[in-house]
Amino acid sequence: MSINSMVVEALRHGETTAGHCYLGVTDALLTPFGVSQMEEALHGFSAKDYDCVITSPLRRCADFAQEWAGLSCPVAINPNFQEFNFGDWDGLTAKKIMALWPGQLEQFWQNPLVFTPPNGETLSHFFERVGRGLQSMQATADRRVLLITHGGVIKAIHCILHDKPASEMFAVEVKHASLHRLIG
């Protein structure tokens, strides 16, 4: 997929009130430290540097996007950039998942394209959804875009843009509040 003449930088949200868990669609808020992480990642940037801010609808992204952009830059919420839905595992730690569903987390780690968390999203659906988000961005966005989103989404975008299989997303490191130039 190519997005012509655009610069897209993606910022992963910072630390959340949910702590260390499989955090997908659970709408956890940022901690004060998480907010400061994101502010630090954007130090030296201004909302005026961007033509548009696009964000996941989840509050750990959208609240920060609205606050940071203020009146200086339009903000668009795009549900295609929401995190992977871990289903029944959402909001749980790996230890809790292993206790409640013995062996299933290991199956997911070994073959995420085949094994889906109970009542969760398939990885292929997740990649299709993120791909639709990229297509809509190409159709509607201006020249320089800040995408405020989640680790899984950034990993998926890396794979999509570089024609890598979905299984390689786990090799992409995306720390809290890390800024990634995806395109441009």
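The values are calculated or read from the model by the stated rules, or taken from the named source; none is laboratory data. In this text the structure is predicted, and so the values were computed from the model without any measurement. Cβ sites come from the backbone with ideal geometry, for glycine too, and all protein chains shown count toward neighbours. Surface accessibility is based on the protein's heavy atoms, side chains included, excluding ligands, DNA and RNA. Shrake-Rupley method; radii C 1.70, N 1.55, O 1.52, S 1.80 Å.
The table that follows gives values for the structure above.
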| read-out | value |
| --- | --- |
| Simple label model, 7 Å out from Cα along Cβ direction - LEU113 to ASP163, nm | 1.6 |
| Average accessible surface area per residue within the stretch 68-125, 1.4 Å rolling probe, Å² | 54 |
| Loop GluC sites (Glu not before Pro), the stretch 1-107, which have at most 12 other Cβ atoms in a 10 Å radius of their Cβ (DSSP) | none |
| Carbon + sulfur, % of accessible area of the stretch 1-132 - ligands and nucleic acids excluded, 1.4 Å | 54 |
| Percentage relative contact order, the stretch 13-99, counting C-alpha pairs under 8 Å, at least six apart | 38 |
| Phi-based couplings in Hz for the stretch 73-90 (Karplus 6.51, -1.76, 1.60; Gly and Pro marked x) | 7, x, 10, 10, 8, 10, x, 5, 9, 6, 5, 4, 8, 7, x, 5, 7, 4 |
| Sites excluded, trypsin sites (Lys or Arg not before Pro) in DSSP loops with at most 15 other C-beta within 10 Å, longest stretch of the chain | 1-142 |
| Per-bin percent of Cα-Cα distances, the stretch 63-114 [5 Å] | 4, 15, 17, 16, 10, 9, 11, 10, 6, 2 |
| Helix 32-41 axis, angle to the chain major axis (alpha carbon atoms, nearest 10°) | 50 |
| Amide H contacts under 5 Å for CYS52, placed H, 5+ residues apart | ARG144, LEU146 |
| Rounded D (µm²/s) - the stretch 1-85, Kirkwood Rh over Cα pairs, Stokes-Einstein at 20 °C, 1.002 mPa s | 157 |
| Rh by Kirkwood over Cα pairs, then Stokes-Einstein D for the stretch 101-145 at 0.890 mPa s and 25 °C, µm²/s | 196 |
| Range of Cα positions in the chain per principal axis (Å), largest first | 50, 37, 23 |
| Other-chain or far-sequence residues with amide H under 5 Å of ILE183's (modelled H) | VAL8 |
